[in-house]
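The values are calculated or read from the model by the stated rules, or taken from the named source; none is laboratory data. None of these values were measured; they are calculated from a predicted model. Please note: Cβ atoms are built from the backbone with ideal geometry, for glycine as well, and neighbour counts cover all protein chains shown. These area figures cover heavy atoms from the full protein model, side chains too; ligands, DNA and RNA do not enter into them. Shrake-Rupley method; radii C 1.70, N 1.55, O 1.52, S 1.80 Å.
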Amino acid sequence: MPRVALPADFLRIPIAHRGLHDMAEGRVENSLSAARAAMVAGYGIELDLQLSADGQAMVFHDERLTRLTQHTGWLRERTAAELGTMLLKGGTDEISTFAKLLEVVAGRVPLLVEIKDQSRASSEDVGELEKATAAALDGYDGPVAIMSFNPASVIAFGELRPDLPRGIITCSYDPDEWDKLSPETCARLRAIPDYEAAGASFISHQRSDLGRARVAELKAAGASILTWTVRNPEEEEEARRVADNVTFEDYLPAIPA
């Protein structure tokens, strides 16, 4: 599968985690307000996608609606129209489709897009959200990179849009924190074995685990290294000893000239 390098801005401009959200200002994570604030400040935007009942890519992190809205149940059981009427707690935004966010951003800043694992177990049962994501991006003229914790999702998206850069989100895969995965699956994913098969050009790796030998190995072989989630200047300084760029929240990093 062809490998597409990250555009330079993904390595230069810090990336706001779920947009430049700030509950004190009424900007909820993954909202259009958070996306607009990131653009005004000159940052890239990291965002999450989940799948609606009618096959639309929705900008939302959680599988369930409870934490971020006044509603309960699974997001995937509601249509895009239903979700579009649901206010995000603490703000004035409704849940947005990916297509609407793309209209708002209009290519002005880099978008680092996470396809959430619909299997919830890093299985190969993927395809619908990847298709919806690719459909929303049809005709979009702006810097976009796609990533997922699930390598099968990255591979599936690459088959649909081999022209876009792809990466794998990686971490320490502590089995105590990944209770939906078996210890054997955690051990496998920890080794990042699917980088080549996915045609990946980058990883986005857990900040506290950047010292892992496999990260250094991939970097030496030409992989770009992003990291998540950096929450203060001290963490950024340490992370940049390994990482090419940071996904951040809770502070405002400098943007290099």
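The table below lists the values:
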read-out	value
Evaluation of residue 119 against (1) open to solvent by 20 Å² or more (accessible area, probe 1.4 Å); (2) within 16 Å of residue 60 (Cβ to Cβ); (3) among the hydroxyl-bearing types (Ser, Thr, Tyr) (one fails), failing number	(2)
Sole residue being over 20 Å from residue 167 (Cα atoms), outside any helix (DSSP H, G or I) and touching a Ser or Thr at 6+ places or on another chain (Cβ under 7 Å), chosen from 226, 181	181
Single unsatisfied condition, residue 164 versus (1) within 28 Å of residue 126 (Cα to Cα); (2) touching a residue at least 40 places away in the same chain (Cβ under 8 Å); (3) buried (at least 20 other Cβ atoms within 10 Å of the Cβ)	(3)
Total residues in segment 35-52, condition free of Cβ contacts under 8 Å to residues at least 24 places away in the same chain and either of a type in the set (Val, Ile, Thr) or closer than 20 Å to residue 119 by Cβ (or both)	1
Any hit, segment 22-31, residues being open to solvent by 30 Å² or more (accessible area, probe 1.4 Å), touching a residue at least 12 places away in the same chain (Cβ under 8 Å) and under 14 Å from residue 144 (Cβ atoms)	no
Output for segment 52-92, where each listed residue is farther than 23 Å from residue 21 by Cα, more than 20 Å from the chain's Cα centre (by Cα) and part of a loop (DSSP other than H, G, I, E, B)	53, 54, 73, 78, 79
Residue tally, condition part of a loop (DSSP other than H, G, I, E, B) and under 23 Å from residue 192 (Cβ atoms), over segment 111-151	14
Scan of segment 194-203 for residues that are farther than 24 Å from residue 18 by Cβ and either touching a residue at least 40 places away in the same chain (Cβ under 8 Å) or crowded, with 22+ Cβ neighbours inside 10 Å (or both), ordered by number	194, 195, 197, 199
Among (1) under 28 Å from residue 134 (Cα atoms); (2) in contact (Cβ under 8 Å) with a residue 40 or more places away in the chain; (3) open to solvent by less than 60 Å² (accessible area, probe 1.4 Å); (4) assigned to a loop (DSSP other than H, G, I, E, B), the one test that residue 189 misses	(4)
Residue within segment 233-254 that is of a type outside the set (Asp, Glu), in a helix (DSSP H, G or I), on the phi < 0 side of the Ramachandran plot and open to solvent by 10 Å² or more (accessible area, probe 1.4 Å) present	yes
Test: residue in segment 204-223 that is assigned to a loop (DSSP other than H, G, I, E, B), open to solvent by less than 60 Å² (accessible area, probe 1.4 Å) and under 21 Å from residue 248 (Cα atoms)	yes
Residue that is surrounded by the fewest Cβ atoms within 10 Å (Cβ to Cβ), among those in segment 36-64 that are touching a strand residue (DSSP E or B) at 6+ places or on another chain (Cβ under 6 Å), closer than 22 Å to residue 236 by Cβ and among the aliphatic types (A, V, I, L, M)	37
